[in-house]
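Asks: My questions will all concern the structure given below.
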Amino acid sequence: MATHDYEDGREGYDDLASHRQQPPQAQELGYDPNFVPDSVKSFVVHLYRHIREKNVYEIHQMYETSFQTLSDRLFKDTPWPSVDAVAHHVDNDHVFCLLYREMWFRHLYARLTPTLKQRIDSWDNYCSLFQVVLHGVVNMQLPNQWLWDMVDEFVYQFQSFCQYRAKMKNKTEHEIALLKQYDQAWNVYGVLNFLEALVEKSTIIQILENEKEGLEQFTATDGYDYNGGSNVLKVLGYFSMVGLLRVHCLLGDYHTGLKCLLPIDISQQGVYTSVIGSHITTIYHYGFANLMLRRYVEAIREFNKILLYIYKTKQYHQKSPQYEQILKKNEQMYALLAICLSLCPQTKLVDETVNSQLREKYGEKMMRMQRYDDEAFAIYDEYFSYACPKFITPSAPSFEEPLVNYNQDAYRLQLKLFLYEVKQQQLLSGVRTFLKVYSTISLAKLASYMEVDEATLRTILITYKHKTHAVDSSGKIISNADIDFFIDDDMIHVVESKPAKRYGDYFLRQIVKLEGLINDMDSVKLE
């Protein structure tokens, strides 16, 4: 539903909304927060009734379609009516008003530029909403799409606030005074605490464990409760694990991020795949974290699966407000896959369809990335900057020192670490070239080819072993190498993994082509 479910690329570092043309502020358009058009009155009354009746299908239709249609028709450049103006139409229901404000702020972030006070008010609303879910009695069933959007928007607004706060240079005295006064708003510990509390209070980790043993149902019902209960806490807890992965990736803590996602088995279909935004966000951050931890094979495998899925299903999302963001994330993941395959040439893990798309987009540049010269490093820099998450510095600025912008500091640090890793790979490109040619070769011969002495060659070979192995989430050492070797009495013996031939894919493609031909022939009218 929101048009910014995923982070923007490189341009996002310069301005939170620079990629959108900014409409005039609401005040300039004569916006009256207390005026409620009849269509809005009807919308909130019906939505309130459906929520009370737990009619998930109707709630989903109103949330996904009606809200978007009314926004486009009546509130393209202005916020929706204030919560105070609609509250008496819904019996002043506290929880409904919190949900309405959550949608109100989401629309504001998507269509306008929020003021600092509005950012703070949105934080307060999330605090109130999550407090009700955690400590109150919430007897509702809400669509997974809405519950995912809540978590996704919560993390997005946290990221947006950190970027906004880090641009101190042009802040007014009023803004600085507000930042000092509301120093707990969007505090990183507060954000993490809410997400962790939702995971813990929902007992979702235990529920998923019980499901594996056949004691409970969660994935089979997409998280919905068909016995008259509520799905809100359970599903929010589930999506909060994805939210935690995303927050830790934004902070550059990839180990902790992947640890938070461990209870979800991403090799299987799950509730996270029931919402396209959740599916893409999960795999994007999972793949990126594995890339940064040198687990290239795992990153390639998951990027391949999600890119193939998007390729097959994107036409079904063309009318979705998220369609542009799906395409944007698709392009970013192709760039990340190009990086992974340049550092770890495991093309056998990539489906033919994805591989042909990749060659079309990045084939020429991927050839240049293998050279590890200045031009190659520039391409690595370009692809990383385009495809990485929008890293944040979560700490507040020092108001005593001269005010400077520090919104790019975290990004520059992650880029520096990544390029340092690429630089180390430069040493190994020559070794791999020779190992591909020989099945056995003496150390002396390889040393002379590489124009180094034997002691240096041994160091290079140990480095190759180190760089082609990584530690997985369970602590086991895993290999990323398509070519491995061992040394026995000054002889290097090369072991090359043979890719299993996949005849099935070939036959399926030919069957689809044949069906297309038959359909074309059937449509030809013979005279």
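Asks: For the chain, take the longest principal axis of its alpha carbons; what is the angle in degrees between that and the long axis of helix 296-313, to the nearest 10 within 0 to 90?
Replies: That helix lies at roughly 50 degrees to the long axis.
Asks: Which loop-located GluC sites (Glu not before Pro) does the stretch 350-429 contain, where loop means any DSSP state but H, G, I, E or B and the Cβ has at most 15 other Cβ atoms within 10 Å?
Replies: Glu400
Asks: Give me the percent relative contact order of the chain, please, defined on Cα pairs under 8 angstrom at least 6 residues apart.
Replies: So the answer I get is 15 percent.
Asks: Please name whichever of Leu215, His174, Val191 sits farthest to the positive end of the charge dipole of the stretch 156-228, dipole taken about the Cα centre and charges placed at Cβ: Lys and Arg +1, Asp and Glu -1.
Replies: Comparing the listed Cα positions along the dipole, His174 ranks first.
Asks: Which distance in Å, rounded to a whole number, links the C-alpha centroids of the stretch 63-115 and the stretch 300-322?
Replies: The distance from the Cα centre of the stretch 63-115 to that of the stretch 300-322 comes to 30 Å.
Asks: Moving on to the next point. Evaluate the charge dipole of the stretch 232-326 about its Cα centre and quote only its size in Debye, nearest 20, assuming +1 on the Cβ of each Lys and Arg and -1 on the Cβ of each Asp and Glu. If you can, show how the numbers build up before the last one.
Replies: Values: 10 positive and 5 negative charges, 30 e Å.
Using only the charged Cβ atoms, the result is roughly 140 debye.
Asks: Using modelled amide H (1.01 Å from N, peptide plane; none on Pro or chain starts), what sits under 5 Å from the amide H of Ser442, excluding residues fewer than 5 places away?
Replies: Ile492
Asks: Please calculate the 1.4 Å probe accessible area of Trp104, with all protein chains present, and give it to the nearest 10 Å².
Replies: Trp104 has an accessible surface of roughly 40 Å² with all protein chains in place.
Asks: Oh, and also: Using DSSP loop states and a limit of at most 15 other Cβ atoms within 10 Å to flag trypsin sites (Lys or Arg not before Pro), what is the longest stretch of the chain containing no flagged site?
Replies: 170-318
Asks: Once you order the gyration tensor axes a ≥ b ≥ c over the Cα atoms, which shape class does the stretch 181-301 get: rounded for a/c under 1.5, otherwise prolate or oblate by comparing a/b with b/c?
Replies: Details: a/c = 2.12, a/b = 1.17, b/c = 1.82.
Oblate shape, in that a/c is at least 1.5 and b/c is the bigger or equal ratio.
Asks: Compute the relative contact order of the stretch 328-380 as a whole-number percentage, counting only Cα pairs closer than 8 Å that sit 6 or more residues apart in sequence.
Replies: This gives 32 percent for the stretch 328-380.
Asks: I need the GluC sites (Glu not before Pro) found in the stretch 193-251, filtered to DSSP loop residues with at most 16 other beta carbons within 10 Å of theirs.
Replies: Glu213, Glu216
Asks: Can you give me the long-range amide H partners of Ile478? Hydrogens built in the peptide plane at 1.01 Å from N, cutoff under 5 Å, separation of 5 or more residues or another chain.
Replies: The list, which skips near neighbours in sequence, is Ala470, Val471, Asp472.
Asks: So, one more: Please work out whether the stretch 398-527 counts as rounded, prolate or oblate from its C-alpha gyration tensor, where a ≥ b ≥ c are the square roots of the eigenvalues and a/c under 1.5 means rounded, while otherwise a/b larger than b/c means prolate and anything else oblate? Let's see the in-between values first.
Replies: Values: a/c = 3.01, a/b = 1.27, b/c = 2.37.
Because a/c hits 1.5 or more and a/b fails to exceed b/c, the stretch 398-527 counts as oblate.
Asks: Could you state how much accessible area Ser473 has, in square angstrom rounded to the nearest 10, with a 1.4 Å probe and all protein chains kept in place?
Replies: My reading of the accessible area for Ser473 is about 80 Å².
Asks: Sticking with this one: With the cut-off at 1.5 for a/c, could you classify the stretch 240-375 from its C-alpha gyration tensor as rounded, prolate or oblate? Present the calculation step by step, with values, prior to reporting the outcome.
Replies: Working: a/c = 1.82, a/b = 1.21, b/c = 1.51.
Note, shape of the stretch 240-375 comes out oblate.
Asks: OK, next. How high is the relative contact order of the stretch 136-261, in percent, with contacts defined as C-alpha pairs under 8 Å that are six or more residues apart? Mind dumping the intermediate values first?
Replies: Details: 103 pairs, mean separation 45.4, N = 126.
Rounded, it is 36 percent for the stretch 136-261.
Asks: Looking at Leu403, Tyr226, Gln268, which one has the Cα that reaches farthest to the positive end of the dipole of the chain (charges on Cβ: Lys, Arg +1; Asp, Glu -1)?
Replies: Gln268
Asks: Given a 1.4 Å probe, how much area per residue of the chain is accessible, in Å²?
Replies: On the way: 25210 Å² over 527 residues.
Each residue of the chain exposes 48 Å² on average to a 1.4 Å probe.
Asks: Once both axes come from the Cα atoms, what is the angle between helix 503-523 and the longest principal axis of the chain, in degrees from 0 to 90, rounded to 10?
Replies: That works out to roughly 60 degrees.
Asks: Any chance you could give the angle, 0 to 90 degrees and rounded to 10, that helix 144-165 forms with the longest Cα principal axis of the chain?
Replies: The helix 144-165 is inclined about 80 degrees to the chain.
The values are calculated or read from the model by the stated rules, or taken from the named source; none is laboratory data. These numbers were taken from a predicted model, which means no experiment stands behind them. Positions of Cβ are backbone-derived with ideal geometry, glycine not excepted, and every protein chain shown enters the neighbour counts. The accessibility values were calculated without ligands, DNA or RNA, using every heavy atom of the protein model including side chains. Shrake-Rupley method; radii C 1.70, N 1.55, O 1.52, S 1.80 Å.
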